[in-house]
Structure formats: C-alpha cells, structure tokens
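Below: one structure, written as structure tokens.
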Amino acid sequence: MDEHMDGASSAEASVLDHVPMRNEDGDIRHEFVEEIAHAIEAGDSAALRACVAELHEADLGDLIGALEPDDRVRLVELTGRDFDFSALNEVDESVREEILEELPPETVAEGVRELESDDAVELLETLDQADQEEILEKLPLPERVALERSLLYPENSAGRRMQTEFIAVPQEFTVGQAIDYMRETPDLPDRFYEIYVVDKDQHWQGAVPLDVLLRARRPVPLTELTDEDRRRVSVLEDQEEVARMFGKYNLVAAPVLDTHDRLVGVITVDDVVDVIEEEADEDLKALGGVTSDEELSDTFLTIARGRFNWLLVNLATAFLASSVLGLFEGQLEKMVALAVLAPIVASQGGNAATQTMTVAVRALATRELGSSNAWRVVLRETLVGLVNGLAFAVITGIAAVAWFKIPGLGIVIGLAIICNLVAGALGGILIPMALERVRADPAVASGTFVTTVTDVVGFFSFLGIATLWFGLR
C-alpha cells in the first residue's frame, strides 16, 4: 500500500508539477501529452491514476482529445475506477462513440453509475439502441428505470436535460423537519439551490429557496415559505425555450414536471450554459451551410460528404444567377466594362444582405423579432439599405468613371447599387421571417436564398439599366 502511494506521489510530481498541463495561453502542452502517452505505453497505472485524480473533468476531456485514438481507451482501462466518465461529455461526439464502443459494457456501466443522471443520459444518448440496452442491463434496476425514462423523452427536450436527483419533501413538513431530512439523507445531489414541496402523489406544490429555508425558525411550516408561482418547465419543453426562460428570469434552477404535474427532475444553470453553447454552435454552423454534427475530429471523407449537398444547392443557385448574365450576352460583348463591374454590384448587395440576415436570424432565435414589431424592423432595414445604397452609389460611381472614363457608367452603377442594397436589406429580413413562418430553420436556409436574390437583382438591375442608358441591343 505504501509502495503504491509512493509511486503515485512520484508520478504526480513528475507529470503535473514537472510538466504543467497548460501554457500561458491556456493551451494544453505537447510535453504534458507526451508524458501521459509514455505512461500509457509503459502501462504505468499508478502514474496515470495520480494524474487523472488531479484533473477537472473538462481538463481530462481536453487531454483525451489530444491523445492518439489507441491511447484514449488504454487511459480509461489503466485508470479504472479513478477515471471520471463525465469527462467523455467534454469531447467530440465521434471521439466519445469510439471510446465507448471499445470499452466493455461492464466498464461503461460502472462509470455511468458514478454520474449524475443528466450526465449519464448525455453519455448514453449518442449510442445506438443496442449499445444503450447492453449497458443499461448492467445497471441496478432503479437506476436503469430512471435512465430509460429520460432517454424516452424527445431529443433536445427538458426531459433529456434534467437530472433526476433532487430534494422533495412533504408539504406537511416544518423547516426543522426539512433540515433534519437533508442532514440524514446520504444521497443528496452534489449541488442544489432549493428544495421542492410535493403532495403524497409527488405532485409539485412549490419551491423553497435554501436561503429562505435557513433564515426561518425550525417550527415554521414549509407551506408558509413555499413559492407556488415558481417558474417551472415541462419535460416536453424544448431546451432552447428553457434556456431562454433562465436568461429572462435570471434562474439558477427550475423544477421539471411531467404531463400530470408530477415532479420528475430539475434543470440547473450549468446544464443551460451547455444548451446555449450548443445552440449557438449549431446556428453558426448552419449559417455557413455546415451540418450541426460536424466535429473537428471527423475524417475528411465524413466532412466532405456532410458538406456536399449544401454545396450542390449553392451550385444550382449560382447557375440561376449566371443565367441572368446570359440574357445580356450581346450587351456584355459591346461594353466590356459591364462584365468587369457587374460582380461588384452583386457583391455589395450580398454583403449588405448578410448583415441584415445575421441580425434577423438572431432576433428570431431570441424571440426579439415577432409579429408585433416585424414591419417596423422591415422599414428600418429598408431605410438602412437605402442610405447605404446612396452613399456607395456615389463612391462606386466616381470609381467607375475614373477607371473607364465613361461618365454615364457612374450613374448606371450608382442606380444599380441603390437597387441591390435595398433588395439585399429586404431579402435579408423577409426571407428569414418567411422561413420561420413555415417552420423551417432560418439559420439553415436563409444564406443561399438571400445570396441568390442579391445576385439576380444585382446583375439584372445593373445590366438592365445599362442597356436602357446606353441603348445597347
């Protein structure tokens, strides 16, 4: 025993003290990863256990991501019970799946037992049905039933996000009885902010914040302290709506009720932060035409396949925009300057539309833009497009005349710029609103449609006005 402890202490000093995990910028050190890799290769369980015991789950997740694929599973195996399985929720989904598929179901089940229910569900939901069942079968019946029930709720719902560990006490309790109950109960949640009051059938009656509870005298009935109007969520409520409610009402926790108003779980602010990050990441990827499940750890073939369809759609819309140029083929042959300047008009409209679209998509996602203020926002964005159009019409017109020495060309491109910036502003706000109305995700589809509008309007307005102004046929 002493020999093992001496080895662990030595390993801790050599790995964590001799080679700090992170550099001044917060990045994981290559030397630290090499030390861990050497310990894995040597099968030095004591060194690895000592290191893992000192790492936060997020740091352990970063270490796993930095290791070679073969070393990741070996790290879990060599550290045994000291490995914190919640660290697997900190790595890319594809990395997590690879590790879980390589580990024996008994090992995964043992790790899942040590997790809070929400972390356990997050870990299991990435696996296919067969793998889930194989792991769940290794768990004790009460834990298995609780996890199976959570996994039955829709993906991205509050039921999936909630943890089933919470403190519920009978409504007949006094303050003293509630405090004694918490002192005598061995398996309390690791972190909690309030206790919940329920009736004999587990129906939710209200909440008592811990600060209110601890300030009250022992004989006071809980019913006098219970907040019956406490914000709460349904198991079927979308996680994005839950996150919005937390932000709006500055919540740190919220009880989760089933369809019969029975208390079944709680969502805490740390879960909501994860939701906000996931939703922001998903929207950002969607605006770029990237699938939400693409990860840095994916292979190049997986990434290429995921991006192909969206690029194909963009190619089709590009042909549509180019067909407008084909309508003015004769005019372009007579005045080469039109072919040179046409992309400028389309590009300026596209940039302006992207600005408007970004604001619109965000406002729709946060519910800041709705039917009550839609037309006011549309009018504002149109005026923005008009003002910027006038300004850039002057700038672009002067540049075009200085370049090609054709005075009328400045007026033509100026008018086209005004038309396209106004069209870009309208497209950037109306297209996301229309997609939202038909239940499509504005972040996913807006970009292609808006770009197509500005390209078509830009080319058509510029070449059409030039045809009329210069009398081209």
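If you go through region 358-374 and pick out every residue that is open to solvent by 30 Å² or more (accessible area, probe 1.4 Å) and either among the charged types (D, E, K, R) or under 18 Å from L421 (Cα atoms) (or both), you end up with 5. Put simply, of Q331, Q348 the only residue that is of a type in the set (S, T, N, Q), closer than 27 Å to V387 by Cα and surrounded by 17 or more Cβ atoms within 10 Å (Cβ to Cβ) is Q348. Which members of region 34-49 meet the condition of being closer than 14 Å to D70 by Cβ and either touching a Phe, Trp or Tyr at 6+ places or on another chain (Cβ under 9 Å) or of a type in the set (V, I, T) (or both)? I36, I40 - these are the residues of region 34-49 that are closer than 14 Å to D70 by Cβ and either touching a Phe, Trp or Tyr at 6+ places or on another chain (Cβ under 9 Å) or of a type in the set (V, I, T) (or both).
Of all the numbered requirements in (1) over 14 Å from the mean Cα position of the chain (by Cα); (2) not in a strand (DSSP E or B), V273 misses one, and that requirement is (1).
Within region 449-473, which residues are open to solvent by 30 Å² or more (accessible area, probe 1.4 Å) and touching a helix residue (DSSP H, G or I) at 6+ places or on another chain (Cβ under 8 Å)?
Keep residues of region 449-473 that are open to solvent by 30 Å² or more (accessible area, probe 1.4 Å), which gives 449, 451, 453, 455-457, 460, 465, 468-471, 473.
Result: F449, T451, V453, D455, V456, V457, F460, I465, W469, F470, R473.
Scan region 299-336 for residues that are assigned to a helix (DSSP H, G or I) and closer than 21 Å to G350 by Cβ and the total you get is 20. Only a single item in (1) under 27 Å from A146 (Cβ atoms); (2) surrounded by 18 or more Cβ atoms within 10 Å (Cβ to Cβ) is not met by A286, and it is number (1). Quick one: would you say Q355 is assigned to a helix (DSSP H, G or I) and closer than 30 Å to F470 by Cα? So Q355 does not fit the description; no.
The values are calculated or read from the model by the stated rules, or taken from the named source; none is laboratory data. Just so you know, these numbers come straight off a predicted model, no measurement behind them. FYI the Cβ positions are ideal-geometry reconstructions off the backbone, even for glycines, and counts take in every protein chain you see. These area figures cover heavy atoms from the full protein model, side chains too; ligands, DNA and RNA do not enter into them. Shrake-Rupley method; radii C 1.70, N 1.55, O 1.52, S 1.80 Å.
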